[in-house]
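The values are calculated or read from the model by the stated rules, or taken from the named source; none is laboratory data. Note that the coordinates shown come from a computational prediction; the quantities given were computed from them, not determined experimentally. Positions of Cβ are generated from backbone atoms using ideal geometry, with glycine treated the same way; all protein chains shown enter the neighbour counts. Surface accessibility is based on the protein's heavy atoms, side chains included, excluding ligands, DNA and RNA. Shrake-Rupley method; radii C 1.70, N 1.55, O 1.52, S 1.80 Å.
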Amino acid sequence: MTDPTIRHISDTARWAAVYRARETERKKPLFRDPFARRLAGERGEQIANATPFHEKHSWSWVTRTYLFDSIIREQVAQGTDMVANLAAGLDARPYRMQLPPSLKWVEVDLPEILAYKEQLLKTEKPTCLLDRVGADLSDAEIRRSLLSRLAREATNVLVITEGLLIYLRSDQVSALAEDLKRFPAFKRWLLDIVSPGLLRMLQKNTHQQFGSEVAPLQFAPEEGPAFFAQYGWKPLEVYSLLKAAAGLKRVSFFMRLLALLPDNPNHSGSRPWGGTCLIGRQ
């Protein structure tokens, strides 16, 4: 039996960094991440090359990053005083984005991946106040203690969970939604979400690359972004990755035609749909 391509959840962070690096190296990139190639390393390139389905649809990774960047800028301009990046992975936004020097940016992830990033970026200077917290967010007690501390340090927090929720069970996402709602300081939550139809497509084309230590792809609520309403959150901005990519001309002509079809993220069901959502407290 051959070794799995993705052996540990931290491998997914290297994988994502590859697509940021490739975008940065384009003549007219949608964003620039000069640290991505360093962070992805040879391992990240190996993973990307071994996952042909995702190579074919690399536009979705790039578009997600572009949308997250845009919404983060918008929220910071509107008064966000802390960004809490949960499962931050190898994200380098505190270094590559122009952010207010007074903004607090907190990265939370497993200690090993944060140590790896800190070592590679030790000579770089972030543009804002950066803090890193090594923690296992699947531990409810640790998670709630951390959220309680962060809520005491700011009044208008934007929470980011980029690429995280799809690896969680529905009950784990529910618990996180409830925990965040308990603290008034958490005003906005930026996340990505897929339909059951897209989840099945991703599972079919990805599960063979995942090792036993990597959580399966599993979260795709039938009700889409409306899933969070029962926990006190309402959708504020919802963007289809396909429609956004079509607008940016990052997909084929045929895919741009598909993007013209109407869609409803709350009733996408078996239709493949993936999007970026900003939700807020009800």
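(1) farther than 15 Å from Ala92 by Cα; (2) open to solvent by 20 Å² or more (accessible area, probe 1.4 Å); (3) not basic (Lys, Arg): which one isn't true of Gly41, the others all being true? Unmet condition: (1). Residues in the range 111-134 that are in contact with a Pro (Cβ under 8 Å, 6 or more places away or on another chain) and either assigned to a helix (DSSP H, G or I) or of a type in the set (A, V, I, L, M, F, W, C) (or both) were compared, and the one that is least open to solvent (accessible area, probe 1.4 Å) is Cys128.
Selection within the range 226-244: residues that are under 12 Å from Asp263 (Cα atoms) and hydroxyl-bearing (Ser, Thr, Tyr). The member of this set that is least open to solvent (accessible area, probe 1.4 Å) is Ser240.
From the list Leu202, Leu217, Leu176, Leu190, the lone residue that is at pLDDT below 95, within 30 Å of Met82 (Cα to Cα) and open to solvent by less than 40 Å² (accessible area, probe 1.4 Å) is Leu217.
Filtering the range 237-250 to residues that are outside any helix (DSSP H, G or I) and not hydroxyl-bearing (Ser, Thr, Tyr) leaves Glu237, Val238, Leu248, Lys249, Arg250. Every listed requirement among (1) under 19 Å from the mean Cα position of the chain (by Cα); (2) surrounded by fewer than 21 Cβ atoms within 10 Å (Cβ to Cβ); (3) not in a helix (DSSP H, G or I) is met by Ser70 save one, (3).
Inside the range 251-282, can you point out the residues that are open to solvent by less than 50 Å² (accessible area, probe 1.4 Å) and in a loop (DSSP other than H, G, I, E, B)? Answer for the range 251-282, where residues must be open to solvent by less than 50 Å² (accessible area, probe 1.4 Å) and in a loop (DSSP other than H, G, I, E, B): Val251, Ser268, Gly269, Trp273.
Taken together, the residues in the range 86-125 that are under 15 Å from the mean Cα position of the chain (by Cα) and either at positive phi or among the acidic types (Asp, Glu) (or both) amount to 5. Residues being over 22 Å from Thr12 (Cβ atoms), touching a Pro at 6+ places or on another chain (Cβ under 8 Å) and in contact (Cβ under 8 Å) with a residue 24 or more places away in the chain are represented in the range 140-161 by at least one member.
Looking at Thr63, Thr80, can you tell me which residue is open to solvent by less than 40 Å² (accessible area, probe 1.4 Å) and assigned to a helix (DSSP H, G or I)? Only one candidate passes the filter, namely Thr63. Scanning the range 1-39 for residues that are at pLDDT below 95 and hydrophobic (A, V, I, L, M, F, W, C) gives Met1, Ile6, Ile9, Ala13, Trp15, Ala16.
Evaluate the following for Leu67: is it at pLDDT 95 or above and farther than 17 Å from Thr161 by Cα? No; evaluated as a whole, the condition is false for this residue.
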